[in-house]
Amino acid sequence: MHSYHAWCHGNITRSKTEDLLSKAARDGSFLIRDSESIQGAFALCVLFQNQVYTYRILPNEDKKLSVQASEGVPIRFFSMLPELVEAYHNPNMGLVTHLQYAVQREEEVDEESESNNLPPQLPPRNALANELKDSDVKPCEQGSKCLSETFLTRLQHMDLSTIPEEQQALILDYFRTSICQDAEQVQSGNPSLPGLKKLTVAICKNLNSEISRILPTLEIFHRVLDQQLSPGIGMLSKQIPGQSMSLRLEQLTKLLYSIEDKAINAVFNSVGYEGGHRKSLIPPVIFEVKQESLGIPTKMFIKVDVEGGKLHINKAKEGPDDKYFVHNKIRQLVKSQKMPAKLVIVVETEKEKILRKEFVFDDTKKREGFCQLLQQMKNKHSGKPEPDMITVFVGTWNMGNASPPNNLNSWFQCKGQGKTQDDTADQIPHDIYVIGTQEDPLGEREWADRVKEILRNITNISFKQVAIQTLWNIRILILAKPEHENRISHVFSDSVKTGIANTLGNKGAVAVSFMFNGTSFGFVNSHLTSGSEKTLRRNQNYLNILRFLNLGDKKLNPFDITNQFTHLIWLGDLNYRVDFPNTDAEYVVSKIKQQQYQELLSRDQLNSEINDDKVFLHFAEEEITFAPTYRFERYTRDKYAYTKAKTTGTKYNLPSWCDRVLRKSYPLVHVICQAYGCTNDIMTSDHSPVFASFEVGVASQFVSKRDPNSAPQGSIQIMNCKATLRTKSKTKFFIEYHSSCLEKTVRTCEGENTEHSDGSIKVWFGNQVELTPIISDAEYLLDQHILICVKSTDSDESYGEGCVALRAAQFCYTEFQVALTHHGEKSGVLTGGIQLHTSEGTPTEKLYDFVKVERDDSKGKSGDKTPASQSAHDISNPSYMEVSYRSGKVIDKGWSYSMPPRNLPTGGQTVIEPKKSPTGKALKSVAAEPSEMFDNPLYGSVTKSQNQSKDQDTTHKLMQPDPVLGPKSQDGEPERPPVPTPRNRSFTCSESKPLLPPAVAQNKKPVVPSRSQGCVVNSRPPLPTKTRSGHPEPQAKPRDYRDTSELPGKHRPPTRAGQTPLQKDPQPNVPKMGHSVK
């Protein structure tokens, strides 16, 4: 493809192709695009009878092109695409119909230059002649001429007196002619910019020879310092013919940096110097709390000694300790939902008794700081060789091309507006720091050293650099604690330009990915197109970045970055604005001063585009409770500068939340946003820095302790899969299963297609597929995910990707429904069932299960005589189902599962004995009867309350059960395996839960075992149930805390024979996520 042709559409997406051909609406309409599955190949797409047929055009070893058409037709080879297209205009060439009507490209409006300091653009020469010939000039020629004139205008206003005349002439010649030729090369598919290469070689002629002279000397010096000598130590790198000057300069720069780092490390290590900083120590922190005694609140003081591993509870702030508990005696922290500042601490005494101590903190922020310190203590003294939870700081800041101030502490300590950290958490260092900047005027090394120094002063730790990636003034820097250096591997980085004509890097994205033990992370820092009216352009920026970022495992090429990583965090200056008329500027500012953000956020462009499924499908963002971060007057945060004088008139930039942090994670993983806000005291830019911090569960690099020869082989069975695809393509489909836990990629047979009147295609993959994991231990498999890709047989291109969590099938066969996406767009839905067979074993308790949330189901009224201690509660960790226990909001994550309650016995599971104390004695109960607890909603489906808003309900349209997967008779579906029939446990996140019927409301809820053990103990008699009002209550025994899930491994027995089972969900009309297992 060496010249412009109407049918040549470059790298447009498959869905866009189908849209263009559908609009053409004539048999024989065609276009050619780049193949999505094979680099260097093309796809010929032809419309016939309102369906799109796709044929691959493949190059052979001699770069001759051929079409994979119908069998029996001789293969013909062509040197050029125009020659191929001309030939296939003839009938009987093996296509469904011969080519007739070329579909034209849609013109894209390029982003305008955003320089604020340049004078108005000069009119082009021979303007009249140009106007007369406009109709004959092709769009690509117009774009290249505009580009040339833009840069020539900029050049006219620069001082060139310091540049030799010879080099002035070279630059002038490039902007006059060569840049247009480079633009034509890009249009024809050659992005190498030969004109630019020629210019840099000419300018750096002397520098090139100097580098060739210096590099060998530096490499010898580098090898001497290198401790890891390789077999090829004596071989120096040779200059590769045609290597660009930028690559040679980068090689030289990296070599100098590496020499400096190795020399410093060698000298420091030889004298035992650690940079003058000791290991980070968290000082003891004292909290003032209130504890009720006989209805009277009493002031108490709790001291958390993280380093000593002790929790002290005193009546006086100073003086001797009244009581203290060692870290291994602190069993659980339970947050109250009804009282946001209340916390229950479940502890074990020296006499092996269990106590529930209830405290009320000054505010919620204090309580959160206390919980973080307790988690640090448990983690520090757990004795585990590998962490199962880390914290990640994420910061984004448009620096406005101004040097930053010396003090950036508030940014890295999450201080300012919004959801911020308490002062008591200041000394807790994060495990990983991700810092994204835009319009960054500093060099890479200068900025990295500045950030390291700031973190060293705050945390007393010398952080290690994981990666740094820069595109013009867009940069991402990732640092990690030194102890994590060997846990981080497979580091990749990349960048995508989305500036003018997608060739300039003034806008675009930089990204880094890596593995932390067994968990993959991806981080994207982007700077999108500015301007209130350019929402569509920003959307396209996002989609281009999504498509062309090249990160992670190369085996996952069918998947874009939203499905490649366990956790993907997207940050940056996204430039989406608040959509108000310019005349409402003062009204917007007044709302901000009153801290009334909801009306403004309802008109936020990013929120609107996400709600319309146009960008960031299935991403989550913490609630915004801070003021807009753009556009301030510099050196103050009290005034928004929302007008700017330009030659074309006054430009308005209404205050907006341009700077954002969003995330997308695999299903059923632990992730909680601890902070999300902006700073108040960093004012060198017109943007305020934005911070976020996350608590993230991570999987270890698992090593099985079982003998592989004697251990039973595990298996993953996936069955009854049916895909509903939004496509007009006429093709057959199959499914590919990818996962790091599998020995190889598994491919199914072709599915059976059924076309529907709504234009979708339903594909039934009836055969059961059995996947063989490389390790069969439950501890390993429950942290794994299966990536699913629906592909076409004719072009091997993906029509939709999704992800299924093995944890969903921990106890029995589970049905799933997964949204399929492709290149950031919805492409369909996949439903099916999954069953997991693992070797026997009990997963260990995770650190993130140490803190749970108590949700009050009984909204007691003033006349209610039921004691508070007898009201039913749920204990849950809302992070698994993306549930905010404060707002009651359920976020559409693109997946749902039908999972049974965990108190049902399942085949093949061993009975777990009651957990005992370290001395071997059963734990005794001495406290008053507490509220009953349920474990993570991870194992149940989420139910929406009937009073949810319409907006919340619409987010679950995709998740409604498909009627095809409803209950079927055994005769109607003989291949389907027998399935248990448990009662689905449902959860509600609304505070206004409907009252239960009398027969149910007066009975106690069954207790569910903890997530670390999934079996039922049936050796103990059942506990008595509450009697109805008006009947005498039986003599109650003291509550046995072993029968709750406060402590790991405490299970409740099944009901007695003949006893009516308790109805968990008395409202059959409430819609549920997932499908009932019948």
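The values are calculated or read from the model by the stated rules, or taken from the named source; none is laboratory data. Keep in mind the model is a prediction, meaning the values are calculated, not measured. As a convention, Cβ positions derive from the backbone with ideal geometry for all residues, glycine included, and neighbour counts pool all protein chains shown. Calculation scope for accessible area: heavy atoms of the full protein, side chains included, ligands and nucleic acids excluded. Shrake-Rupley method; radii C 1.70, N 1.55, O 1.52, S 1.80 Å.
Structure data summary
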read-out	value
Positions within region 500-531 being part of a strand (DSSP E or B) and either open to solvent by 10 Å² or more (accessible area, probe 1.4 Å) or modelled with pLDDT under 95 (or both), in sequence order	MET515, SER520
The one condition in (1) surrounded by 22 or more Cβ atoms within 10 Å (Cβ to Cβ); (2) in a helix (DSSP H, G or I); (3) not aliphatic (A, V, I, L, M) that TRP570 fails to fulfil	(2)
Subset of region 330-363 (residues that are more than 24 Å from SER382 (Cβ to Cβ) and open to solvent by less than 30 Å² (accessible area, probe 1.4 Å))	SER336, GLN337, ALA341, PHE361
Residue within region 739-761 that is touching a Phe, Trp or Tyr at 6+ places or on another chain (Cβ under 9 Å), acidic (Asp, Glu), open to solvent by less than 70 Å² (accessible area, probe 1.4 Å) and not in a loop (DSSP other than H, G, I, E, B) present	no
Elements of type strands (runs of 3 or more DSSP E) contained in region 315-359, each with 3 or more residues being closer than 22 Å to ASP849 by Cβ and of a type in the set (A, V, I, L, M, F, W, C)	330-336, 342-348
Which numbered condition PHE702 fails, given (1) among the aromatic types (Phe, Trp, Tyr); (2) in contact with a helix residue (DSSP H, G or I) (Cβ under 6 Å, 6 or more places away or on another chain); (3) farther than 25 Å from GLN784 by Cα	(3)
Single unsatisfied condition, ALA480 versus (1) open to solvent by 10 Å² or more (accessible area, probe 1.4 Å); (2) more than 30 Å from VAL746 (Cα to Cα)	(1)
Condition met for VAL306 (farther than 20 Å from LYS342 by Cα, buried (at least 17 other Cβ atoms within 10 Å of the Cβ) and among the β-branched types (Val, Ile, Thr))	yes
From LYS651, LYS644, residue being open to solvent by less than 50 Å² (accessible area, probe 1.4 Å), in contact with a Lys or Arg (Cβ under 8 Å, 6 or more places away or on another chain) and either part of a loop (DSSP other than H, G, I, E, B) or more than 30 Å from GLY518 (Cα to Cα) (or both)	LYS644
Single unsatisfied condition, TRP764 versus (1) in contact (Cβ under 8 Å) with a residue 60 or more places away in the chain; (2) closer than 20 Å to SER898 by Cβ; (3) not basic (Lys, Arg)	(1)
All positions within region 432-486 that are assigned to a helix (DSSP H, G or I) and under 25 Å from GLN701 (Cα atoms)	PRO482, GLU483, HIS484
Test result for ALA627, of a type in the set (Gly, Ala, Ser) and in contact (Cβ under 8 Å) with a residue 24 or more places away in the chain	yes
Residue list for region 57-96, filter: open to solvent by 40 Å² or more (accessible area, probe 1.4 Å) and in contact (Cβ under 8 Å) with a residue 24 or more places away in the chain	GLN68, SER70, MET80, PRO82, VAL96
Pair list, Cβ under 8 Å, 6 or more apart: region 439-466 residue within 21 Å of PHE523 (Cβ to Cβ) and hydroxyl-bearing (Ser, Thr, Tyr), other residue outside any helix (DSSP H, G or I) and open to solvent by 40 Å² or more (accessible area, probe 1.4 Å)	THR459/GLN427
Test result for HIS823, touching a helix residue (DSSP H, G or I) at 6+ places or on another chain (Cβ under 8 Å) and open to solvent by 10 Å² or more (accessible area, probe 1.4 Å)	yes
Residues of region 34-52 that turn out to be in a strand (DSSP E or B) and either at pLDDT 95 or above or hydrophobic (A, V, I, L, M, F, W, C) (or both), as a count	8
Qualifying residue in region 594-605 (condition: under 28 Å from GLY499 (Cβ atoms), open to solvent by less than 40 Å² (accessible area, probe 1.4 Å) and among the hydroxyl-bearing types (Ser, Thr, Tyr))	no
Number of the condition not met by PHE325 [criteria: (1) closer than 30 Å to ASP449 by Cβ; (2) in contact with a Leu (Cβ under 8 Å, 6 or more places away or on another chain); (3) aromatic (Phe, Trp, Tyr)]	(1)
